[in-house]
Protein chains: 2
Amino acid sequence: MSGNEALTKYAGAFIDELAKSGVKKIVISPGSRSTPLALLAMEHPDLDCYVLVDERSAAFFAMGAAKAGKEPVAILCTSGTAAANYFPAVIEACLSRVPLVVITADRPHELRDVGAPQTIDQVRLYGNFVKWFQDLPLAEVSGTMLKFVRTVSARAVHTAKQNPAGPVHINFPLREPLLPAEDFFSGEMPAAPRVVFRDQVMTLDEREFAALSSRLPEKGLFICGPMEMADDRFFRSLLRLAEALHYPVLADPLSQLRSRAPEHSPLVDSYDAFLRNPDVRRSLKPELIIRFGAMPVSKALHFYLQEHGEVPQWVVDSGRGFRDPAYGGSEWIYCDESVFCEEMLKHPAPFRTAGEWEGTWKSMNARAKKIMAEIGGEEGIAEGKIFYHLPEFLPDHAALYVGNSMPIRDMDSFFFACQKPVRVYGNRGASGIDGVVSSAMGASLFHPHTYLLIGDLSFYHDLNGLLAAKLYGLNLTVVLINNNGGGIFSLLPQAERPKYFEALFGTPTDLDFKHAARLYGAYYACPETWEEFCGTMAKVRDMDGLKIVEVRTGRKRNAAIRKGLWAKVSREIAGLPREDGR
Amino acid sequence: MSGNEALTKYAGAFIDELAKSGVKKIVISPGSRSTPLALLAMEHPDLDCYVLVDERSAAFFAMGAAKAGKEPVAILCTSGTAAANYFPAVIEACLSRVPLVVITADRPHELRDVGAPQTIDQVRLYGNFVKWFQDLPLAEVSGTMLKFVRTVSARAVHTAKQNPAGPVHINFPLREPLLPAEDFFSGEMPAAPRVVFRDQVMTLDEREFAALSSRLPEKGLFICGPMEMADDRFFRSLLRLAEALHYPVLADPLSQLRSRAPEHSPLVDSYDAFLRNPDVRRSLKPELIIRFGAMPVSKALHFYLQEHGEVPQWVVDSGRGFRDPAYGGSEWIYCDESVFCEEMLKHPAPFRTAGEWEGTWKSMNARAKKIMAEIGGEEGIAEGKIFYHLPEFLPDHAALYVGNSMPIRDMDSFFFACQKPVRVYGNRGASGIDGVVSSAMGASLFHPHTYLLIGDLSFYHDLNGLLAAKLYGLNLTVVLINNNGGGIFSLLPQAERPKYFEALFGTPTDLDFKHAARLYGAYYACPETWEEFCGTMAKVRDMDGLKIVEVRTGRKRNAAIRKGLWAKVSREIAGLPREDGR
């Protein structure tokens, strides 16, 4: 058998088992060394291939797709710095628990560390940010080696999916000639995957649930952070449990709960506003906190958790992590979140009627929300106002991808509970401003209507991500909030340093993104009034393809609006005397 | 002393010592956690600060600047994936031996691995691609700790510069509050650096030079690969030695020799063309090969080295590396390259008159070059023709930055020796198509006229790099060779697979880069005829700022032109009968 055929059988078995193990999509970045794997992936009948040149963007695209599709997505690139460009997305996937199968083509061993071109040390390239690493040997077609390579493929996919999900890395050395035989998969293929994994249901001992249940106090509180990959079973069971216990549920914008809670549920969505007041935080001392998901974005909530560090806090985490930067957690409950809620519902001890505790949170929330909702009447276009009115613009089953820095915070402040079924995503693993456009593009593969809300710096950072829409006709509306620089710094102490503020923190780029829209063939509009904005949002709702709706806002004005509203909430909720101007 | 003042003194000492140790430029990417270091860098009187949002681009920008300036450049970013975006440039700097001081701000230890935002494990983030790593402790102002932090700073700079130069990584944890005191450097600062390193002159024992010299045969050959950071001393001494020995010098386009050799020097610049013929390779068997620099780009030369693997081959490398993918090296001479040439010149044993060996190479080169030069008369705009005529367009002391994949190969084929003093750069450490625009931008800080020759995929990959020109008014002419995809694959076996060729290898993006030019405020022209192209090149020569000269070419046509010329060289040099059509 020629080397070529050995390569075909070996690489073909690897690719075939990827598909049989549940990978449906693979994002390929072009290159020479990866040729056999790329060609075989194209030929495989069960793999959808996407080809994207910029590996940084390609990896975020795959990450967004994996998150939205709740399925492992593979990425494949050639040797050299191509693989290093994957690093930011690999880290984000690791920290946000998204299954990614990273396949890097490599030079054979005799070309490593001898100055050969496009050759870098790819062994353990991503350090501890991947759950599993395998440096494959060169193609061999003995029975053992074909079993081996199929097993590696199956293990890679399962390990990526296994809770906590995350990236795995397979380094694949390939020696020339690199062309595999054609039509390989039209030959005889195994009917089933070679290796199947059946994995645990994460639960606790029955007696532990009973014990936990017996300890549920009156003043309990649920806090739900980002749960982007959770399913309806969790949302339903958590809301039922909260209603039964009359515990308020503080719901981060990425918890998915804000668009899933029935109208009179104990959902609290304006805590970020009223917990900014230290007296309010003090007065709302709970007896138990039960947390789900990653840490919410709200800094006020962070302070609340920090200040009530002596209160028992259960952290329910099926990913068996330790996500607790406020150091409030006292008991870690490593159990499936849905199972936890369902089991707690089975122990009827704590069922009680509504009391003062729930009422206080609800009325506090209602009063804060009423004030924060004043943004809706703000004159012209204001950043927060966009988020407040967002549900009106969205079709049902839309997906929102929300950029980091200001957009996710505006989402927290102004995107209130609504009865519109939407999914909300953000890159909150490492909370970077990088890769967000590409992530949203990837997510759009799974949603008929995807909206990306993003600031201008983050948009610029990942402008390359727009190419995917052009190449694959993706449906995405970008709401580009252009305040010409880094808006968040106007809310931070850095704003007190005018001398270098614009140079280091404001960092205006003065880019006219109309040209970026033209470059990528996007529909583009830059409405100047609120009425125009509403009209544009209505118009793009029924348009296919890439739409960029840019709004130009001012950093100073929008910082002042937010501060004004927060101060008003703080004042009115606490009945405190008005502080002088701040 | 408040935490703030401790922070100022500690971080200030670090920044001050960076400058005193020889860092003149620092490229900062905005962020919150890095605030104290960024503000102090801005305030330091001896540091030039550049602020670039995309960290991937920022790091390549710094790498290009460090290479062109032959001095260490620092980069600073905030915590999280920001630091991961540096990875491709860190790898390129490592493999191409460019001094880079990478400073990543980090969260303090209590916020690591507990789900805090923008927090990733930054300890040894770049693995073995950095020469030195330090994870600093938090600010402290004891005498010992101030000495410590200054010493780390000085060691970082020296280690980056030390041969082989490369990147070092300092991870700097910072705890809030993050604002340092103002005007710190107007206070009393040490007059001199705290730590100074005096490092070896790399030489061999006198007797070794004598012994080596006595072994110089008649049929010797110098091969000079990329030597982008070498100085004139090396070029002069190598050329003198070659003339004395009558050894031909095979000069890679990045060897800098093609624009530095006197007219009748034994420079060989068309070896890539005639060494494609296996009979020619066989007939030119040397008795000794002496190599300098990294591996040349020519694949034909690679085969030549491989096939003459039994011929003694000395690899002179002051970086004490092992750059020898053809496995021809038999003796490693770890010695300064200039010292080596100068010492060999002192041992007069081998001085001899010109012989047949030198003559064969010279006439072979002349004949091959004459054929390759036919590209100059090719109709209209052809890719190779641009490189052939390049010297005519360039002002003296111009710098060329040459993209990977096709441009560097066309440079090798068609950029012949000329009497115009230019510097030629490329990213040949890992030979990626990423970061090339930014690298050229960085290099432009040190040259009055910089020209970037780049293909469309590589240009797209690093489009963000154009922002630097807009923000800092940099002088750069981009010659964008747009063949709408990956031209190199048309010359590789992949071209035999039409079914997936365009999807996987051709990968056309159909981008109209005129819009990219507008986005970044560049002068833009897209000449359609050769005369227009010449006119445009003459015009932009006297223009400041960013100029993009796009030429649209065809992948198939240009592959055919190259193949035709190579076949003709092969035929005519070897006197072989014409092969049928290929």
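Within segment B:514-530, work out how many residues are part of a loop (DSSP other than H, G, I, E, B) and either under 25 Å from the mean Cα position of the chain (by Cα) or more than 10 Å from chain A (Cβ to nearest Cβ) (or both).
Matching residues across segment B:514-530 total 6.
Identify, by number, the condition in (1) buried (at least 18 other Cβ atoms within 10 Å of the Cβ); (2) in contact (Cβ under 8 Å) with a residue 24 or more places away in the chain that B:Leu111 doesn't meet.
Among (1) buried (at least 18 other Cβ atoms within 10 Å of the Cβ); (2) in contact (Cβ under 8 Å) with a residue 24 or more places away in the chain, the lone unmet condition for B:Leu111 is (2).
Within segment B:406-453, track down each residue that is open to solvent by 10 Å² or more (accessible area, probe 1.4 Å), aliphatic (A, V, I, L, M) and outside any loop (DSSP other than H, G, I, E, B).
B:Met406, B:Leu445
Going by what's in this entry, would A:Ala538 be described as assigned to a helix (DSSP H, G or I), within 14 Å of chain B (Cβ to nearest Cβ) and either of a type in the set (Gly, Ala, Ser) or surrounded by 19 or more Cβ atoms within 10 Å (Cβ to Cβ) (or both)?
no
Pick out the one residue from A:Gly64, A:Gly22 that is touching a Ser or Thr at 6+ places or on another chain (Cβ under 8 Å) and more than 27 Å from B:Ser298 (Cα to Cα).
The match here is A:Gly64.
I'd like to know if segment A:292-310 contains one or more residues that are surrounded by fewer than 17 Cβ atoms within 10 Å (Cβ to Cβ), closer than 13 Å to A:Leu221 by Cα and either hydrophobic (A, V, I, L, M, F, W, C) or assigned by TED's automatic domain parsing to the domain that holds A:Glu218 (or both).
For segment A:292-310, residues surrounded by fewer than 17 Cβ atoms within 10 Å (Cβ to Cβ), closer than 13 Å to A:Leu221 by Cα and either hydrophobic (A, V, I, L, M, F, W, C) or assigned by TED's automatic domain parsing to the domain that holds A:Glu218 (or both): absent.
Could you count how many residues in segment A:272-291 are without any contact (Cβ under 8 Å) to a residue 60 or more places away in the chain and surrounded by fewer than 24 Cβ atoms within 10 Å (Cβ to Cβ)?
Count: 4.
Quick test for you: out of A:Ala440, A:Ala417, A:Ala430, pick the one residue that is under 22 Å from A:Leu519 (Cα atoms) and either modelled with pLDDT under 95 or out of contact with any Pro (no Cβ under 7 Å at 6 or more places or on another chain) (or both).
A:Ala440
Scan segment B:136-167 for residues that are among the aliphatic types (A, V, I, L, M), more than 24 Å from B:Cys335 (Cα to Cα) and at pLDDT 95 or above and jot them down.
B:Leu136, B:Leu138, B:Ala139, B:Met145, B:Leu146, B:Val149, B:Val152, B:Ala154
Scan (1) farther than 25 Å from B:Leu466 by Cα; (2) surrounded by fewer than 18 Cβ atoms within 10 Å (Cβ to Cβ); (3) touching a residue at least 12 places away in the same chain (Cβ under 8 Å) for the single condition A:Glu496 breaks and write down its number.
(3)
Pick out the one residue from A:Phe501, A:Phe489 that is within 25 Å of the chain's Cα centre (by Cα) and within 12 Å of chain B (Cβ to nearest Cβ).
Of A:Phe501, A:Phe489, the one residue that is within 25 Å of the chain's Cα centre (by Cα) and within 12 Å of chain B (Cβ to nearest Cβ) is A:Phe489.
Within the set of pairs 6 or more residues apart or between chains, which connect a residue that is within 15 Å of B:Asn85 (Cβ to Cβ) inside segment A:120-132 to a residue that is surrounded by 22 or more Cβ atoms within 10 Å (Cβ to Cβ) and polar (S, T, N, Q) with Cβ atoms less than 6 Å apart?
Qualifying pairs under 6 Å: none.
Go through (1) closer than 28 Å to A:Ile26 by Cβ; (2) free of Cβ contacts under 8 Å to residues at least 60 places away in the same chain and name the single condition B:Leu491 misses.
For B:Leu491, the failing item is (2).
I'd like to know if segment A:559-578 contains one or more residues that are in a helix (DSSP H, G or I), assigned by TED's automatic domain parsing to the domain that holds A:Leu445 and closer than 30 Å to B:Tyr472 by Cβ.
So far as segment A:559-578 goes, yes, one or more of its residues are in a helix (DSSP H, G or I), assigned by TED's automatic domain parsing to the domain that holds A:Leu445 and closer than 30 Å to B:Tyr472 by Cβ.
Collect the residues in segment A:394-405 that are over 15 Å from the mean Cα position of the chain (by Cα) and either buried (at least 24 other Cβ atoms within 10 Å of the Cβ) or within 14 Å of another protein chain (Cβ to nearest Cβ) (or both), keeping them in residue-number order.
Hits for segment A:394-405: nothing passes.
Which of the residues that make up segment B:320-339 are more than 14 Å from chain A (Cβ to nearest Cβ) and touching a residue at least 60 places away in the same chain (Cβ under 8 Å)?
Of everything in segment B:320-339, those that are more than 14 Å from chain A (Cβ to nearest Cβ) and touching a residue at least 60 places away in the same chain (Cβ under 8 Å) turn out to be B:Ile333, B:Tyr334, B:Cys335, B:Asp336, B:Glu337, B:Ser338, B:Val339.
In segment B:99-120, what residues are facing chain A (nearest Cβ under 8 Å) and either basic (Lys, Arg) or assigned to a helix (DSSP H, G or I) (or both)?
B:Glu110, B:Leu111
Would you check which residues across segment A:27-38 are within 17 Å of A:Ala156 (Cβ to Cβ) and outside any helix (DSSP H, G or I) and list them?
Within segment A:27-38, A:Val27, A:Ile28, A:Ser34 qualify.
Restricting segment A:240-271 to residues that are open to solvent by 10 Å² or more (accessible area, probe 1.4 Å) and aliphatic (A, V, I, L, M), which is modelled with the highest pLDDT?
Checking each candidate, the answer is A:Leu267.
Could you please find all residues in segment B:476-513 being over 22 Å from A:Ser32 (Cβ atoms), not hydrophobic (A, V, I, L, M, F, W, C) and not in a strand (DSSP E or B)?
B:Asp510, B:Asp512 - these are the residues of segment B:476-513 that are over 22 Å from A:Ser32 (Cβ atoms), not hydrophobic (A, V, I, L, M, F, W, C) and not in a strand (DSSP E or B).
Going by the conditions given, is A:Val436 among the aliphatic types (A, V, I, L, M) and within 12 Å of chain B (Cβ to nearest Cβ)?
yes
Can you go through B:Asn482, B:Asn475 and tell me which one is within 25 Å of the chain's Cα centre (by Cα), among the polar types (S, T, N, Q) and within 14 Å of chain A (Cβ to nearest Cβ)?
That would be B:Asn482, the only listed residue that is within 25 Å of the chain's Cα centre (by Cα), among the polar types (S, T, N, Q) and within 14 Å of chain A (Cβ to nearest Cβ).
To keep it simple, each residue is scored yes or no on (1) surrounded by 13 or more Cβ atoms within 10 Å (Cβ to Cβ); (2) in contact (Cβ under 8 Å) with a residue 24 or more places away in the chain.
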position: A:Asp135; (1), (2): yes, yes
position: A:Leu138; (1), (2): yes, yes
position: A:Thr144; (1), (2): no, no
position: A:Thr159; (1), (2): yes, yes
position: A:Glu188; (1), (2): no, no
position: A:Ala192; (1), (2): no, yes
position: A:Asp199; (1), (2): no, yes
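Residue check, B:Asp510 against (1) in contact (Cβ under 8 Å) with a residue 24 or more places away in the chain; (2) within 14 Å of chain A (Cβ to nearest Cβ); (3) crowded, with 16+ Cβ neighbours inside 10 Å, all met but one. Which one?
(3)
Return a yes/no flag: does segment B:19-26 have any residue that is in contact (Cβ under 8 Å) with a residue 40 or more places away in the chain, within 24 Å of B:Leu125 (Cα to Cα) and at the interface with chain A (Cβ under 9 Å from one of its Cβ atoms).
no
Could you check segment B:39-98 and list, in sequence order, the residues that are in contact with a Cys (Cβ under 8 Å, 6 or more places away or on another chain) and either surrounded by fewer than 24 Cβ atoms within 10 Å (Cβ to Cβ) or in a strand (DSSP E or B) (or both)?
If the condition is that a residue be in contact with a Cys (Cβ under 8 Å, 6 or more places away or on another chain) and either surrounded by fewer than 24 Cβ atoms within 10 Å (Cβ to Cβ) or in a strand (DSSP E or B) (or both), then B:Met42 is the only one that fits.
Go through (1) open to solvent by 40 Å² or more (accessible area, probe 1.4 Å); (2) modelled with pLDDT of 95 or more; (3) not charged (D, E, K, R) for B:Gly581 and report which single condition fails.
(2)
Taking A:Tyr460 and the conditions (1) of a type in the set (Phe, Trp, Tyr); (2) without any contact (Cβ under 8 Å) to a residue 60 or more places away in the chain; (3) open to solvent by 20 Å² or more (accessible area, probe 1.4 Å), which numbered condition does it fall short on, given that it satisfies the others?
Looking at each condition in turn, A:Tyr460 falls short on (3).
The values are calculated or read from the model by the stated rules, or taken from the named source; none is laboratory data. Note that this is a predicted model, so its numbers are computed, not measured. Backbone-built Cβ (ideal geometry, glycine too); neighbour counts: all protein chains shown. Side chains included, ligands, DNA and RNA excluded: accessible areas come from the protein's heavy atoms. Shrake-Rupley method; radii C 1.70, N 1.55, O 1.52, S 1.80 Å.
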